[in-house]
Structures are given as structure tokens and as C-alpha cells.
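J.: Below are the C-alpha cells for one structure; questions will follow.
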């Protein structure tokens, strides 16, 4: 089953599933912008922590101690990470580029603590990767969308995630984008 776990209230979607509230922030770079209701860092971090804790709850429920990196994309060099620190993008995250970022590669297994840090770094748009196990997968998409593929979650886990302010929607996989040529054939 694929769960979409987000901060976005499904009641604010149209019948096609498009989220209608354009004033909702979707990235760390939206902090302080008037068009996103001047969201502050504290609110941002509270939401980010809810995402991280929801993954912790799910991994604990499924007894999964580690996840493997897949589809890794490093978004920056050492200098860019230093700039992320200066501009506040890495506020409250202790990360060493040389030992924790530059050493990442597909197939690397991360323990729960490392997974939690990587979720934060993905949400802060500094790295990108899928995290998976043989029967489990986390995909963090654009605009703070998170998809978790796993066996059915217990009602208790769903309730605890929702108590943190997130919405858990079952059977809501990422939309498949099909690219076609001028004749309509899939590319």
C-alpha cells in the first residue's frame, strides 16, 4: 500500500486532488515570506519534526532498523553546504559534509538516527534520495509530499501521526508522469 503523508489537509483539494490553498508554504525557503503567511522557523521545524517522527513511528511498527539509499542526488559541494549553514538552511542540524554527505552513495544502509537526519536534509533541499528496504520505501517529493510504500499501517500509528498535525491518506501513490512523443507513443 502507498500512503501519502503530508501537512496538507485533504479537505482543501478539488475533486482532481489538486491542493487549492496557494498560501500554504512548501519549502524551507518560504520562511518569512508574506505570500506564505510569514511562516516562522519554529513552525517550519515543528512540521519537519512531525515528518521525521512519523517515519520513526512507521519504522518502529514495521521493525525495520535500517534503510538503504537509492537514487541518490547530492545537491551541493562542501562550499555550498557551508553556505547552507550561513543562510540558516541547516539550522539545528549538526552535519559534517566530509563524513556524512560526501561519503553517501547508492546502496549505503542508514540506521534510524541517520535516516532521521537524511529526512531533514531532503526536506531542506540539500540532498535527495529514496530510502528503502525489501518491503518498504520512502519517497519525498516536491512541495513537502511524502509517500511511504509498506504493508498496511495500524490504526494506532496512523492516529499518532495525525496527532502530530499530518494527514495520512492510504492508496495515494505519486502520480505517474507519462512522457509521449508527437505521435502519442510513450518515450
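The values are calculated or read from the model by the stated rules, or taken from the named source; none is laboratory data. Remember, predicted model here, so these are calculated numbers, not experimental data. A quick note on method: Cβ atoms are made from the backbone with ideal geometry, for glycine too, and the neighbour counts reach across all protein chains shown.
J.: Answer yes or no as to whether residue 74 is under 16 Å from the mean Cα position of the chain (by Cα) and modelled with pLDDT under 95.
T.: Numbers: under 16 Å from the mean Cα position of the chain (by Cα): yes; modelled with pLDDT under 95: yes.
So residue 74 passes the test.
J.: Right, here's the next one. Say whether the condition of being in contact with a helix residue (DSSP H, G or I) (Cβ under 8 Å, 6 or more places away or on another chain) and farther than 26 Å from residue 137 by Cα is met by at least one residue in segment 25-33.
T.: yes
J.: State the number of residues belonging to segment 1-47 that are within 22 Å of residue 147 (Cβ to Cβ) and in a loop (DSSP other than H, G, I, E, B).
T.: 15
J.: In segment 80-119, what residues are touching a strand residue (DSSP E or B) at 6+ places or on another chain (Cβ under 9 Å) and not in a helix (DSSP H, G or I)?
T.: 102, 104, 105, 106, 107, 108, 109, 110, 111
J.: Has segment 56-77 got any residue that is exposed (fewer than 14 other Cβ atoms within 10 Å of the Cβ), at negative phi and in contact with a strand residue (DSSP E or B) (Cβ under 6 Å, 6 or more places away or on another chain)?
T.: Scanning segment 56-77 turns up at least one residue that is exposed (fewer than 14 other Cβ atoms within 10 Å of the Cβ), at negative phi and in contact with a strand residue (DSSP E or B) (Cβ under 6 Å, 6 or more places away or on another chain).
J.: Still on this structure, I have one more. Among (1) at pLDDT 95 or above; (2) under 30 Å from residue 80 (Cβ atoms); (3) touching a strand residue (DSSP E or B) at 6+ places or on another chain (Cβ under 6 Å), where does residue 168 come up short?
T.: All conditions are met except number (2).
J.: Output yes when any residue across segment 16-36 is surrounded by fewer than 14 Cβ atoms within 10 Å (Cβ to Cβ), without any contact (Cβ under 8 Å) to a residue 40 or more places away in the chain, on the phi < 0 side of the Ramachandran plot and touching a strand residue (DSSP E or B) at 6+ places or on another chain (Cβ under 7 Å), and no when none is.
T.: yes
J.: Take segment 115-155 and flag every residue that is over 20 Å from residue 6 (Cα atoms) and touching a residue at least 12 places away in the same chain (Cβ under 8 Å).
T.: Taking segment 115-155 as the starting set, the residues that turn out to be over 20 Å from residue 6 (Cα atoms) are 133-135.
Passing the criteria: 133, 135.
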